[in-house]
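Everything on this sheet refers to the single structure shown next.
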């Protein structure tokens, strides 16, 4: 058996130089995979941030609905004695009830969007429920 350049006999996988090249190739592949994983993690974090911003906008809409509900409540408290005034207060209360349901739906949507932001932050291979 003829020794290779390192002075060691070749192993079952071939010469030491070939084995060293294979190890280097695997290291380069591992670094490439880590680079892709890091890029994926950054992309997921960026998407999650965008989804969180959307949740904040939806929450601001719910806050605006609260402000409108407060204004409607002030209008409803005014004492209009005429039949038209009473009809106006009834219409306001119906609209306030609908707006209240919409505001509740917005708050529910905020929770769903935030849950989605957490799921987006996870890589595709580790998605949660």
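When the chain is fully extended, how far beyond the present Cα-Cα distance does residue 118 get from residue 47, taking 0.36 nm per residue of separation?
24.6 nm
Could you give the nm distance between label points at residue 64 and residue 111, where each point is 7 Å from its Cα heading toward the beta carbon?
Those two pseudo-labels are separated by 2.4 nm.
Would you mind listing how long the stretch 41-96 runs along its three principal axes, going by Cα atoms, in whole Å with the largest first?
Sorted from largest, the Cα extents of the stretch 41-96 read 64, 14, 8 Å.
Here, each number is a calculation from the coordinates, and none is a lab measurement. Owing to the predicted nature of the structure, the values given are computational and were not obtained by experimental measurement. Virtual Cβ from ideal backbone geometry, glycine too; neighbours counted across all protein chains shown.
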